[in-house]
Every structure is written in structure tokens, then in C-alpha cells.
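J.: I am attaching a structure below and will ask some questions about it afterwards.
The values are calculated or read from the model by the stated rules, or taken from the named source; none is laboratory data. Owing to the predicted nature of the structure, the values given are computational and were not obtained by experimental measurement. All Cβ positions, glycine included, derive from the backbone under ideal geometry; neighbour counts span all protein chains shown. Only protein heavy atoms, including side chains, enter the accessible area calculation; ligands, DNA and RNA are left aside. Shrake-Rupley method; radii C 1.70, N 1.55, O 1.52, S 1.80 Å.
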Amino acid sequence: MARLRISAIGFLNPAPLLYDFEHSPKREALAGRYDIHYTLPSNCARELAEGEADLGLIPIAALATIPDLLIVPGCTIASLQRVRSIQIVSRVPLDQIRTLAADTSSRSSVAYANVLFRHFLGTDPEFRPHAPLVDTMLEHADAALLIGDPALIASESHPAIEMRAGQRLYWYDVAEEWTTRTGLPWVAAIWALRPEALAQTDAALLIDDLNASRDAGLAHIEDLVSHWKKRIPVSPQIIRTYLTENIHYVLDERCVTAMKHFFDLAAATGAIPQAPELRFVE
């Protein structure tokens, strides 16, 4: 069979999911079945939509715009309370934000922010796409939406950011805003497969490969900490806590329920075109 083309996320948060793809002894065997490359979450979705990839670790909001994608069961990037890597940094309180400079590298994070404002707060700020540079974002808008590693780095260096901003800022964790209001997990991303790719893979083997890689990553957190402390300017303890406490990697029933609730609210507020039907690889 031809190798499946995988589009993966080059942030810290999926590192445990990709462990076997990057480490011996499994890496060599998996390289015979998969061709993997790394990009932004939004690009993962685009590559799946355009047929440039067969399997992608995509923001869940992409399921609403790319028809017929199949969710691979077992793995997710989610949070049960506070995620720290999706931050709204604001000059004004949350309900007073009128303009938001937004890193658009993840559709789901932007959609969650829209649900937060439109459904829970009853406001509708203007979203302005912007590179993830918090200082300049705050020069051009009331608040900044930061996603992934830039958000994690900013959350750990907020005194310096506030000094440059010349004021005490408001820091809001988008996942925590969601979990507090709904009592459900915040789900950011899942593995999704183009349905035609089923013809070139063994579905059971695919599920086993992805779930085994996650389990190996969670069993080797210290290896990941040692690797990532050289890549992002935060302490090893922050990385360790982030991978073991802030991120939840198992796509369980509560996560599926949370996804459905998010899709209903996102569709009702216009953050996505419609709530998709969730279909799984079997």
C-alpha cells in the first residue's frame, strides 16, 4: 500500500501524539506506512481539503467546512480546565472588548472565541487577522488572541509584556472560559482522515498506530521535556505541567459530547456554517 500523507502540527501540544513517528524503535516501521510533515493547524485542514494530505491533525472547526472527513478514534488535543496556550490578552475587561487582533492559525480557537463573545457575553467584537506578535496586536486592537506556542510563551512572560504595554493587562484562558461555562472539556483538535484514504490503509492498524504513539509519548514525558526546552523559551517545569496537566489527549465520550455542544453553539452564533455530523473510522 502507498504511504499515507500526514499533515501534523508543529507546536508543543501534539508532541506526545507524534512520539513514535519521531523516535526509535517505532519510527523506522512507521516511516514505511506514513509520510509526515509539519505545519500550522489551519494548513493541516487546508491540505486535507485540497487532497494534499490523507490524514491530518486538524482543528475541530474544520469538520464543519470539509465534507465527509472521518475522525480517527482515540486521540485528541483537549483540556479539562485551563490550557494556557489559547490566550486573550486585553487592555479592557472581556465584555468590553470591541476589537480583537487574532492569530488565525487555528480555526477552532477563533470559533471558540466567537462563541465566547456572541453566545456567553452577548457581544460581537471585530476580529482582525494579525501575526502572533502581542505587542503590535495590542497597538492595533483592544485585545489579542494568541494560539499555541506564542500563547504559552506570552503567558509565562506577562510582566514584561505589561511593562511594554504600559498598563496592567487582562489575561483570559479561552479553554477555562469554556469549561467554566459548560462543565465540559475544551476540545481543540483531532486526527481526521479523507474517506478515500481508507482504500490504501488498514483502519485497525491506523487506529492502533496513532493510539500507541500517544501512549508512548505520555510514557516518555521527560524525553519530550528535554527536547522541547531547547525549542521554546519556557522552563522545563512549565513544559512538563503543560503536557501532563493542561492538555488531555484521550478522545473519550465527554470530549465527543463537548464537540457536539461546541458545534451546536458555533453554528447558532455563525462561527461555523453548520454543525457537522461526526463520523468515525471503524
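J.: May I ask you to derive the relative contact order of the chain, considering only C-alpha pairs under 8 Å and at least 6 residues apart, and to give it as an integer percent?
T.: Details: 543 pairs, mean separation 86.4, N = 282.
Over the chain, the number comes to 31 percent.
J.: If I histogram all Cα-Cα distances within segment 192-282 using bins 5 Å wide from 0, what percent of pairs lands in each bin?
T.: Bins of 5 Å from zero give 2, 11, 14, 14, 15, 15, 16, 11, 2 percent of pairs.
J.: Still on this structure, please answer the following. If you fit an axis through the alpha-carbon atoms of helix 203-219 and take the longest principal axis of the Cα set of the chain, what angle between them do you get, 0 to 90°, nearest 10?
T.: Roughly 50 degrees between the two axes.
J.: Averaging over all projection directions, find the projected area of the Cα convex hull of the chain and quote it in nm² with one decimal place.
T.: Values: hull surface 54.9 nm².
For the chain, averaging the hull's shadow over all directions gives 13.7 nm².
J.: Still on this structure: Count the net charge of all other residues whose Cβ sits under 15 Å from the Cβ of residue 239, scoring Lys and Arg as +1 and Asp and Glu as -1. If you can, show how the numbers build up before the last one.
T.: Numbers: positive: 84, 229, 230, 231, 240; negative: 149, 156, 222, 223, 245.
Local charge sum for residue 239: 0.
J.: Dipole size in debye (nearest 20) for segment 147-282 around its Cα centre, Lys and Arg Cβ +1, Asp and Glu Cβ -1?
T.: Details: 12 positive and 19 negative charges, 114 e Å.
Value, rounded to 20: 540 debye.
J.: Okay, helix-only estimate at 222 nm for the chain: each DSSP H run of n ≥ 4 adds -39500 (n - 2.57), divide by all residues, round to 500 deg cm²/dmol; what do you get? Don't jump to the answer; show the numbers that get you there.
T.: Working: 12 runs with 106 residues, N = 282.
So the calculated ellipticity at 222 nm is -10500 deg cm²/dmol.
J.: Out of segment 165-230, which trypsin sites (Lys or Arg not before Pro) are coil in DSSP terms and have no more than 11 other C-beta atoms within 10 Å?
T.: Details: sites: 168, 181, 214, 229, 230; in loops: 168, 229, 230.
Hits after loop and neighbour filter: 168, 230.
J.: Tell me, what is the per residue accessible area of segment 188-260 in Å², probe radius 1.4 Å?
T.: Details: 3340 Å² over 73 residues.
That works out to 46 Å² for each residue.
J.: Would you mind estimating how fast segment 21-66 diffuses translationally, via Stokes-Einstein at 4 °C and 1.567 mPa s with the Kirkwood radius over Cα pairs, in µm²/s? Spell out each step's value before the answer.
T.: Working: Rh = 11.7 Å.
Answer, rounded: 111 µm²/s.
J.: May I ask for the net charge around residue 82, where only other residues with Cβ less than 15 Å from the Cβ of residue 82 are counted and Lys, Arg are +1 while Asp, Glu are -1? Walk me through the numbers before you get to the answer.
T.: Values: positive: 84, 181; negative: 156, 173, 176, 177, 245.
With Lys, Arg at +1 and Asp, Glu at -1, the net is -3.
J.: Let me ask something else. So for segment 1-145, averaging the separation of alpha carbon pairs under 8 Å that are six or more residues apart and normalising by length, what relative contact order in percent results?
T.: Contact order relative to length: 24 percent.
J.: Here's another thing I want to ask about it. Under the rule of at least 5 residues apart or a separate chain, name every residue whose amide H is placed under 5 Å from the amide H of residue 76.
T.: Under 5 Å from the amide H of residue 76: 250, 251.
J.: Rg and Dmax of segment 1-129 over Cα atoms: what are they, in angstrom?
T.: 17.2, 55
J.: Ranked from highest to lowest mean number of other Cβ atoms within 10 Å per residue, what is the order of the peptides 263-272, 169-178? Walk me through the numbers on the way to the answer.
T.: Numbers: 263-272: 18.9, 169-178: 20.5.
Most protected by this proxy first, the peptides run 169-178, 263-272.
J.: Of the accessible area of the chain, with the probe set at 1.4 angstrom, what percent is carbon plus sulfur?
T.: Summing carbon and sulfur atoms, their accessible area is 51 percent of the total for the chain.
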